[in-house]
Amino acid sequence: MSEDFSLSTVKEKINSSKKLKLTTYLIVGLIALLAVYMLYRMFFIEPANTESKASYWRGLNFAVKDSTDKAIQELEPAVENYDGRDGGEVAQFLLATQYMKKGKFEDAITQLEETDVDDTYLSAMKSGLIADCKSEMKDYAGAVELYVEAASINENKFTTPMYLFKAGLCAEKVKDFTKAVECYQKIKDDYPDYGNRKYEKYLSRATNKQTK
């Protein structure tokens, strides 16, 4: 005997079973939530993200022209309005560099630490810039650690030896000549042509002080 699967029968079966009724409500609820999320993403998130990418251009333009104060005026609201969006993260990164130009190193560190970047090159630059701030603030030990970190994030012949060299200089500031030698030696071994071999005199100096 075949069952009657008419709409009225289905409704009756659902209403007669609390478990089935609850499950049905949950499924319908999930579908509704998914639909709302898709509509929200379609009409709000994506356009806002696209808009956010245009938010930092004026600030960038002023930054390129060395109009630091005007760049900050443009970038601060962009960071506030588009926090978490792609453009907001770029604006925050740029804002940190402008704070650095003004000598506001603590503010720059705050902005950089709150910046979320996926790109490995930008990640290396982020650590390197924080290290620059710490170096300017004479926190040389903290700078060494971050320069070494920046050097290892995205190893290449341009930024890696630069950060290693800065790490070596800061290590010498705190008289950690063993670390300084380690940094300079890595440049010599892996990037021997860096800076017209200017690291050699620093390697020799650090080595001499290490042995004293």
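The values are calculated or read from the model by the stated rules, or taken from the named source; none is laboratory data. Since the model is a prediction, treat every value here as computed from it, not as a measurement. We place every Cβ from the backbone using ideal geometry, glycine too, and count neighbours over all the protein chains shown.
Quick one: count up the residues across region 35-89 that are in contact with a Gly (Cβ under 6 Å, 6 or more places away or on another chain), at pLDDT 65 or above and over 21 Å from LYS104 (Cβ atoms). Residues in region 35-89 being in contact with a Gly (Cβ under 6 Å, 6 or more places away or on another chain), at pLDDT 65 or above and over 21 Å from LYS104 (Cβ atoms): 3 in total. The number of residues in region 170-189 being under 19 Å from ILE130 (Cβ atoms), of a type outside the set (Gly, Ala, Ser) and touching a Ser or Thr at 6+ places or on another chain (Cβ under 9 Å) comes to 2. Restricting attention to region 146-167, does a residue exist that is closer than 30 Å to ASP118 by Cβ, in contact (Cβ under 8 Å) with a residue 12 or more places away in the chain, of a type outside the set (Lys, Arg) and not in a helix (DSSP H, G or I)? Yes - at least one qualifying residue is present in region 146-167. For region 141-169, the tally of residues that are touching a helix residue (DSSP H, G or I) at 6+ places or on another chain (Cβ under 7 Å), surrounded by fewer than 21 Cβ atoms within 10 Å (Cβ to Cβ) and hydroxyl-bearing (Ser, Thr, Tyr) stands at 1.
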